[in-house]
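Peer 1: Mind looking over this structure? Questions follow.
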Amino acid sequence: MKKSNIIIIVVIVAIIAIAALVLTSGGSASTINVVGSTSVQPVAEKLAEDYQNAHGNVKINVQGGGSSVGIKSAQDGTADIGTSSKDLKADEKQGLTEYVLGQDGIVIAVNTKNTVSDLSTEQLKDIYSGKITNWKDVGGPDEEIHLVTREEGSGTLDAFQTMIMGKDTKIKSDAIVQSSTEAVKQSVKQDPAAIGFVSYASMSNDVKAVTVGGVAPSDATIADGSYELQRPFIFLVKGTPTGDVKEFIDWVMSAEGTKVLNEEKIVKSTNNSTNSSK
């Protein structure tokens with residue numbers, strides 16, 4: 001073989017090796033999978049978007065599924081971070097580290113055409129149990145009330161059941177079941193007789209927020225506790241986070257992450273992180 005041909009082959013091999021090295025190093029971006037609460041999902045997506053803009057070597061995938069899915073995914077390690085919009089029970093905490101992002105209000109939403117503007121917690125309980133079935137009985141129009149609720153496993157449903165219905169009172173069986181906050185809002189938006197409960201972080205002016213016991217949901221009333229219908233937004237990690245997962249969570253809990261949380265209407269908690277028993 002001619003010397004010139006050998007040189008050409010060596011150069012080609014070197015180019016291929018360099019290209020492979022560049023592609024390998026350039027394609028080695030770490031992936032963080034975040035799974036759980038559909039209420040936390042939009043907030044987690046915004047946090048992920050801002051973090052990725054500043055950290056191009058990290059890709060963050062955010063999915064819903066509900067708080068129960070988030071807890072289980074963190075427990076069995078199928079997700080790097082599970083998300084929950086409900087407080088965990090003692091047995092659910094085992095082996096997990098919790099990061100409380102802040103508090104989210106649960107807003108009672110009605111159609112913008114509905115004249116009802118305030119309901120007590122007792123009235124809400126009677127409405128959702130079926131004891132009150134007509135809007136006229138709470139100062140509204142003479143129309144049958146159409147209930148909209150969330151699916152089993154939803155953190156929003158769990159919080160509503162705990163705070164409004166109690167242990168022994170069930171939501172009426174013919175209530176329309178929706179699988180996300182956005183779906184509840186759409187049901188209420190399209191039906192003048194509907195009522196639903198949604199995340200404060202996802203509220204918009206296409207539905208009307210009803211005051212509860214005379215108190216409107218707001219950053220201030222959620223922060224000082226005067227608006228009683230609220231629950232935490234939580235990140236969950238199996239064991240102790242390390243590497244890119246730890247760096248992302250550290251950023252979320254930092255001033256930069258707090259700015260995003262404030263913009264997303266999450267009222268920052270003073271108790272940011274607690275470790276469960278492992």
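Peer 1: Going through T38, T97 one at a time, which residue ends up being buried (at least 17 other Cβ atoms within 10 Å of the Cβ), under 10 Å from the mean Cα position of the chain (by Cα) and either of a type in the set (S, T, Y) or at pLDDT 95 or above (or both)? Outline the logic, then answer.
Peer 2: Working: T97 fails: under 10 Å from the mean Cα position of the chain (by Cα).
None of the others qualify; the one that does is T38.
Peer 1: Another question about this same structure. Using the structure shown, decide if V107 is among the β-branched types (V, I, T) and surrounded by fewer than 22 Cβ atoms within 10 Å (Cβ to Cβ).
Peer 2: On the way: among the β-branched types (V, I, T): yes; surrounded by fewer than 22 Cβ atoms within 10 Å (Cβ to Cβ): no.
Against the criterion (among the β-branched types (V, I, T) and surrounded by fewer than 22 Cβ atoms within 10 Å (Cβ to Cβ)), V107 does not qualify.
Peer 1: I need the full set of residues from the stretch 148-180 which are assigned to a strand (DSSP E or B) and in contact with a Gly (Cβ under 8 Å, 6 or more places away or on another chain), in order please. It would help to see each step written out before you state the result.
Peer 2: Step one: of the stretch 148-180, the residues assigned to a strand (DSSP E or B) are 148-150, 176-178.
Result: V148, T149, Q178.
Peer 1: Let me ask something additional. If K185 passes every condition in (1) within 24 Å of G65 (Cα to Cα); (2) surrounded by fewer than 19 Cβ atoms within 10 Å (Cβ to Cβ) but one, which one does it miss?
Peer 2: Condition not satisfied by K185: (2).
Peer 1: Among K72, K2, which is basic (K, R) and either at pLDDT 95 or above or at positive phi (or both)?
Peer 2: Working: K2 fails: either at pLDDT 95 or above or at positive phi (or both).
Of K72, K2, the one residue that is basic (K, R) and either at pLDDT 95 or above or at positive phi (or both) is K72.
Peer 1: Only one residue in I176, I145, I108 is farther than 30 Å from K72 by Cβ, touching a Ser or Thr at 6+ places or on another chain (Cβ under 9 Å) and of a type in the set (V, I, T), so which one is that?
Peer 2: I145
Peer 1: Within the stretch 94-112, is there a residue that is over 21 Å from K189 (Cα atoms) and not in a strand (DSSP E or B)? Working first, answer last.
Peer 2: Taking the stretch 94-112 as the starting set, the residues that turn out to be over 21 Å from K189 (Cα atoms) are 94-104.
This time we only want the ones that are not in a strand (DSSP E or B), so: 94-95.
Yes: one or more hits.
Peer 1: Just checking, does the stretch 156-164 include any residue being more than 22 Å from I266 (Cβ to Cβ), of a type outside the set (K, R) and in contact (Cβ under 8 Å) with a residue 40 or more places away in the chain?
Peer 2: no
Peer 1: Go through the stretch 192-207 and report how many residues are under 22 Å from I132 (Cα atoms) and open to solvent by 40 Å² or more (accessible area, probe 1.4 Å). Let's see the steps before the verdict.
Peer 2: Step one: filter the stretch 192-207 for residues under 22 Å from I132 (Cα atoms), giving 192-198, 207.
This time we only want the ones that are open to solvent by 40 Å² or more (accessible area, probe 1.4 Å), so: 192.
Count: 1.
The values are calculated or read from the model by the stated rules, or taken from the named source; none is laboratory data. Computed from a predicted structure; not experimentally measured. Every residue, glycine among them, receives a Cβ derived from its backbone with ideal geometry; neighbour counts consider all protein chains shown. For accessibility, only protein heavy atoms count, side chains too; no ligands or nucleic acids. Shrake-Rupley method; radii C 1.70, N 1.55, O 1.52, S 1.80 Å.
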